[in-house]
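See structure below.
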Amino acid sequence: MMKNALSRFTGISETEIRKRLEKLTIKELKYFKIMLAKSGVLYITSKPGIAKSAIIKSIADKLGFAFYDIRLSMVDETDVGLFPKVGTVTVNGVEWDILKHVPPEWGFLANEKPSIIFFEELNRSQLSVRNAALQILLERSIGFKFHFNDNVLMVASGNLGEEDGTDVEEFDSALNNRLIHVKHLLTIEEWVDGFAREHVHPTIVSFVTTNGEHFYKKSDNEKDNYAYATPRSWTFLSDYINTNFPPVQDTDKNGNLIFVNSKNQIVDEKNPDAMPKMKYAPIKQWLGEIKDIGVSYVGPSITRFIRYCEESMRISIKDVIDRYPDIKNDLKSFNRDKHSELLNSLKEIDIMSLKDVQLENIKEFLTSMSDDEVVGYLLYLLDDQYSLNDDTNNKKNMKVKDFIKDKRFKKFFKTILDHCSKED
C-alpha cells in the first residue's frame, strides 16, 4: 500500500520505490513513515552530536529526495518566511497598503521535487523564529498564499535541555500534543553500519567499536564544557585526518605516482567512483599531529585513542596472518580491546587470497580468543564469504567449509548448525 502511495507521491515507479525503501534501516523507515503521514509533526530529540541531521539526510539521500536543513537557532524570522513586504490592495475603489510575507527561496525549491525539510533545534530558537517555523510545520504554509506541495515532508529536532547541558525552551501542552515525540538514540552498530563504515577513518571506527565507552563521553568535570567525544566529533576528527593526509600512494617501476585502493588495485585519481575506495593513510603518518590537535576534537578521549593507535602500530592483522608464531607472546600482553580490534580487521580479509600457512596462523590466533568471538567469526564467514547454491563460487565455498570444519572448532559445530537451521 505504501509503495503505491509513494509512487503517486513521487512520480517514481513502484519497482524503483521498492529498491529505495529497501535501503532504509529499520529506524530510518520508522521516521519516514511518520513524516509521510503528515498528521502531527515528527519531533526527534537527543543529546548533541548523536546524528539527528545525519539520519534524516540519509533518508533523503537513499530515497532520492532533496534535503533542506534549516538550523533555527542560527537564523532569524526572515529566513523562515516572515520577511515583510509592503503591497497594495484595492477595496471599493480605495487602494490600501498591506503587509505581505515573502517566502524564502528554499520553500520554492522544495516544491519543485520530492523533498524533506529538517528544522533543527526547534526548542533553542528565538520565539519569533519558532512561531514562524511552527506555522510551516503545522499548517504547511507561509503566510496566506504560499502552500507546500504534498510531496514535501517535514521533521523537527530538539535538544534535551538539563539532561544534556543545553539551554532550551519548554513547550506548552497544546504544542506538545501536536508533535510526535521520539527520543533519538544511536547505537555504535547503527553508527558504523549506517554511516561510519563508508565515511570515517577505519582506525577511528575500530577504536570506537572496541572502546564503546568513548563513543559518547563527556568530561568527568561537570564544569568542563569544552570538546568531548560524540559520533559527530569523531567524524570531525576523521575528516581532519582524511583531508590533511591523502590516501596511500605508491610509485610504479618508472617512478610515476600511482594510487592503490583498499584491494591493492591501481585506480585513476580522476575516477570519482574509485577514489572513495582508496586506502586510508596509515596511523604513523598522522598520529604525531593528532597528539597535538586531537583534544580539540574529542576532549579527554583522545588519550585513550592515542594509546590505542600506538598499540595498533606495534601489531596489525597482517602480522597475525603472516607471522603469528613470532608475535603470539606479544599478543598476550594486549587487553581484550586489542584482540577484538584484530578480529574486526580479520573480517575485512578475503580468505581466498590467503595461503595455507596464513590460514593456519588465523586458526591458531582464533584459539586464543573467547568462545563467543570464535563463533562470531565463523558465523561471519558463513554469512559473508559462503555463497549458497552458487556453483561459480564452489572453490571459495570449499575453502570456507574446510576452514570451519577444522577439528579445533569442533565444539562450535552445534552452535553453527543451529544458526544455519534458523536461517533456513
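The values are calculated or read from the model by the stated rules, or taken from the named source; none is laboratory data. Everything numeric here is computed off the predicted structure, so don't read it as measured data. Cβ: placed from backbone, ideal geometry, glycine included. Neighbour counts: every protein chain shown.
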### Query
List the pairs whose first member sits in region 233-254 and is within 10 Å of residue 204 (Cβ to Cβ), whose second member is modelled with pLDDT of 90 or more and charged (D, E, K, R), and whose Cβ atoms are under 9 Å apart, counting only residues at least 6 apart or on separate chains?
241/289
### Summary
The correct count of residues that are surrounded by fewer than 19 Cβ atoms within 10 Å (Cβ to Cβ), in contact with a helix residue (DSSP H, G or I) (Cβ under 6 Å, 6 or more places away or on another chain) and either modelled with pLDDT under 85 or at positive phi (or both) in region 50-72 is 0
### Query
Restricting the search to region 29-49, which residues are under 27 Å from residue 169 (Cα atoms), assigned to a helix (DSSP H, G or I) and among the charged types (D, E, K, R)?
30
### Task
Just one of (1) modelled with pLDDT under 90; (2) touching a strand residue (DSSP E or B) at 6+ places or on another chain (Cβ under 7 Å) trips up residue 77, so point out which.
(2)
#### Entry: Residue match in region 276-298 (condition: at pLDDT below 70 and loosely packed, with under 13 Cβ neighbours inside 10 Å)
yes
### Query
Among the residues of region 147-181, which ones are touching a helix residue (DSSP H, G or I) at 6+ places or on another chain (Cβ under 9 Å), at pLDDT 80 or above and either small (Gly, Ala, Ser) or in the same structural domain as residue 231 (by TED's automatic domain parsing) (or both)?
156, 157, 158
### Query
Among the listed residues 356, 337, 372, 384, which satisfies the condition of being over 14 Å from residue 409 (Cβ atoms), at pLDDT 85 or above and not aliphatic (A, V, I, L, M)?
356
## Note on the structure
Listed by first then second residue, the pairs whose first member lies in region 101-129 and is farther than 27 Å from residue 6 by Cβ, whose partner is outside any helix (DSSP H, G or I) and hydrophobic (A, V, I, L, M, F, W, C), with beta carbons under 6 Å and at least 6 positions apart or on separate chains, are 101/142; 102/83; 123/168; 124/168
#### Entry: Evaluation of residue 349 against (1) under 28 Å from the mean Cα position of the chain (by Cα); (2) assigned to a helix (DSSP H, G or I); (3) at pLDDT 80 or above (one fails), failing number
(2)
### Task
Being within 16 Å of residue 381 (Cα to Cα) and at pLDDT 85 or above is the filter here, so list the residues in region 409-424 that pass it.
409, 410, 412
